[in-house]
Amino acid sequence: MDIPVDIRLEMYDGMVRARYFEQRAHDLFMQGLVKGTTHLGLGQEAVAAGFAVAMRPGDMSYCTYRGHNHTLLRGAPMDALMGELMGRSNGICEGKGGSMHLTDISKGAMGSYAIVGAHLPVAAGAAWAAQLRGTDQVSVCFFGDGTTNIGAFHEAVNIAAVWDLPVIFVCENNLYMEYTAISEVIAVDHPAADRAAAYGLEGIIVDGNDADAVYEAAVAAYERARAGDGPSLIEALTYRHKGHSRADPGKYRPDEEVEEWLKRDPIDIYRERLLSLGVTEEILNEIEAKALAEVDAATEASKNAPPPDTAVLLTDVWADGGSSWRN
Ligand SMILES: Cc1ncc(C[n+]2csc(CCOP(=O)(O)OP(=O)(O)O)c2C)c(N)n1
Ligand SMILES: [Mg+2]
């Protein structure tokens with residue numbers, strides 16, 4: 001596929017913005033300014049960029065607690081995401097959700113889910129609604145390798161395949177769950193792709209550190225979904241640069257393995273590719289400088305934002321205290 005240069009630059013821009021945003025989030029966490037926890041997707045940016053750029057505005061995406069990249073690249077405002085991580089009133093959920101619950105419905109970023117596997121049936125349900133309404137929307141669900149051992153994964157992929165739902169399941173195989181290698185707890189080599197046949201689906205594996213490869217797989221899966229040909233299950237091979245969460249040093253991973261993957265940094269790979277395609281150093285430098293300035297501005301805005309008013313605790317909450325929902 002010949003990917004147009006504006007699409008390529010959009011992907012580079014997205015990856016760089018995500019990288020700087022998360023590096024700053026890590027620094028702010030270490031300073032005690034990010035409350036709760038964080039699960040960084042540093043090193044996994046190409047998966048988010050490839051899919052987000054190929055998506056249409058009405059499409060819906062569902063991600064996990066490792067969801068900063070996906071939410072940002074769907075177009076959620078960076079200052080509101082930073083504010084949310086810091087528990088401030090300018091946060092996208094008014095500071096009530098924090099890092100693990102980033103959501104921007106207006107952009108189709110339908111939530112970050114902290115319960116492993118919980119969002120796969122939700123994403124399938126959204127796809128079912130789109131199918132029934134004939135809206136042409138596609139639902140995309142990102143999850144990790146460990147999630148493929150959860151029952152909800154199998155239930156959701158099965159029903160999606162049976163009903164030809166317009167949903168794309170994207171397994172970001174970063175080789176680890178929290179602190180355990182996925183290879184220790186599965187009987188196959190590829191946690192998602194090797195299980196696809198059980199649901200009559202093709203086992204698709206892509207290099208998740210190559211934005212172009214991800215983009216091409218994404219375009220094909222969107223086309224399939226919009227044509228009414230049903231779901232896709234894609235396994236993107238990637239690696240997280242940091243530990244699982246918070247300040248986890250990730251020492252359970254062999255040094256050589258970490259080194260190998262750091263050499264395959266998706267942003268370095270893509271920068272080289274763009275240069276080889278004739279994009280100038282100046283253009284790339286400008287993208288990087290703009291992204292850093294955006295992160296600086298988001299940080300300042302969030303540091304200066306007051307904490308949420310306590311009245312916020314009682315707004316936008318679902319329960320009304322009664323039991324009418326039982327009917
Ligand atoms: C149902 C459930 N079980 C356990 C946990 C604790 N937990 C949080 S993240 C995680 C590992 C998930 O690994 P993977 O699916 O590979 O995603 P990754 O963190 O690598 O992106 C676990 C076990 C949880 N949040 N939910
Ligand atoms: Mg994992």
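Does the range 3-39 hold any residues that are under 13 Å from the mean Cα position of the chain (by Cα) and within 18 Å of Gly91 (Cα to Cα), and which are they?
Hits for the range 3-39 are Ala18, Glu22, His39.
Touching a strand residue (DSSP E or B) at 6+ places or on another chain (Cβ under 8 Å) and either under 18 Å from Gln23 (Cβ atoms) or touching a residue at least 40 places away in the same chain (Cβ under 8 Å) (or both): which single residue out of Tyr252, Tyr270 fits that description?
Tyr252 is the lone residue from the list that is touching a strand residue (DSSP E or B) at 6+ places or on another chain (Cβ under 8 Å) and either under 18 Å from Gln23 (Cβ atoms) or touching a residue at least 40 places away in the same chain (Cβ under 8 Å) (or both).
Within the set of pairs 6 or more residues apart or between chains, which connect a residue that is modelled with pLDDT of 95 or more inside the range 160-173 to a residue that is in a helix (DSSP H, G or I) and among the basic types (Lys, Arg) with Cβ atoms less than 7 Å apart?
Sorted first by the residue in the range 160-173, then by its partner, the pairs are Pro166/Arg226.
Of the residues in the range 95-125, how many are within 12 Å of the chain's Cα centre (by Cα) and over 15 Å from Thr71 (Cβ atoms)?
0
Residue under question is Asp255, and the condition is that it be acidic (Asp, Glu), away from ligand 1 (no atom under 16 Å from the Cβ) and surrounded by 18 or more Cβ atoms within 10 Å (Cβ to Cβ); does it hold?
So Asp255 does not fit the description; no.
When you go through Ala152, Ala76 one by one, which is the residue that is surrounded by fewer than 24 Cβ atoms within 10 Å (Cβ to Cβ), touching a strand residue (DSSP E or B) at 6+ places or on another chain (Cβ under 9 Å) and of a type in the set (A, V, I, L, M)?
The unique qualifying residue is Ala76.
So which of Asp194, Asp210, Asp248 is in contact with a helix residue (DSSP H, G or I) (Cβ under 8 Å, 6 or more places away or on another chain) and surrounded by fewer than 23 Cβ atoms within 10 Å (Cβ to Cβ)?
Asp210
Under 6 Å between Cβ atoms, which residue pairs at least 6 apart in sequence (or on different chains) link something in the range 56-67 that is at negative phi and in contact (Cβ under 8 Å) with a residue 60 or more places away in the chain with a partner that is more than 14 Å from ligand 1 (Cβ to nearest atom) and of a type in the set (S, T, N, Q)?
These pairs meet every condition: Gly58/Gln137; Asp59/Gln137; Met60/Ser139.
Mind listing whichever residues of the range 132-159 are within 20 Å of Ala54 (Cβ to Cβ) and either without any contact (Cβ under 8 Å) to a residue 60 or more places away in the chain or more than 16 Å from ligand 2 (Cβ to nearest atom) (or both)?
Thr135, Asp136, Gln137, Val138, Ser139, Val140 - these are the residues of the range 132-159 that are within 20 Å of Ala54 (Cβ to Cβ) and either without any contact (Cβ under 8 Å) to a residue 60 or more places away in the chain or more than 16 Å from ligand 2 (Cβ to nearest atom) (or both).
So is Ala221 surrounded by 18 or more Cβ atoms within 10 Å (Cβ to Cβ) and among the hydrophobic types (A, V, I, L, M, F, W, C) or not?
yes
Looking only at residues that are small (Gly, Ala, Ser) and assigned to a helix (DSSP H, G or I) in the range 77-93, which one is nearest to Arg24 (Cα to Cα)?
This residue is Gly83.
What are the residue pairs meeting all of these: first residue in the range 174-193, first residue within 26 Å of Pro249 (Cα to Cα), second residue among the acidic types (Asp, Glu) and more than 8 Å from ligand 1 (Cβ to nearest atom), Cβ atoms under 6 Å, and 6 or more apart or on different chains?
Once the first residue is within 26 Å of Pro249 (Cα to Cα) and sits in the range 174-193, its partners that are among the acidic types (Asp, Glu) and more than 8 Å from ligand 1 (Cβ to nearest atom) give His190/Glu235.
Being in contact with a Cys (Cβ under 8 Å, 6 or more places away or on another chain) and of a type in the set (Ser, Thr, Tyr) is the filter; apply it to the range 119-162 and report the residue that is nearest to ligand 1 (Cβ to nearest atom).
Applying the filter and picking the extreme gives Thr147.
Return yes or no: is Ile182 surrounded by 18 or more Cβ atoms within 10 Å (Cβ to Cβ) and within 15 Å of ligand 1 (Cβ to nearest atom)?
When the stated conditions are applied, Ile182 passes them.
The values are calculated or read from the model by the stated rules, or taken from the named source; none is laboratory data. Source: prediction; values computed, not measured. Here Cβ is always computed from backbone atoms with ideal geometry, including for glycine, and neighbour counts include all displayed protein chains.
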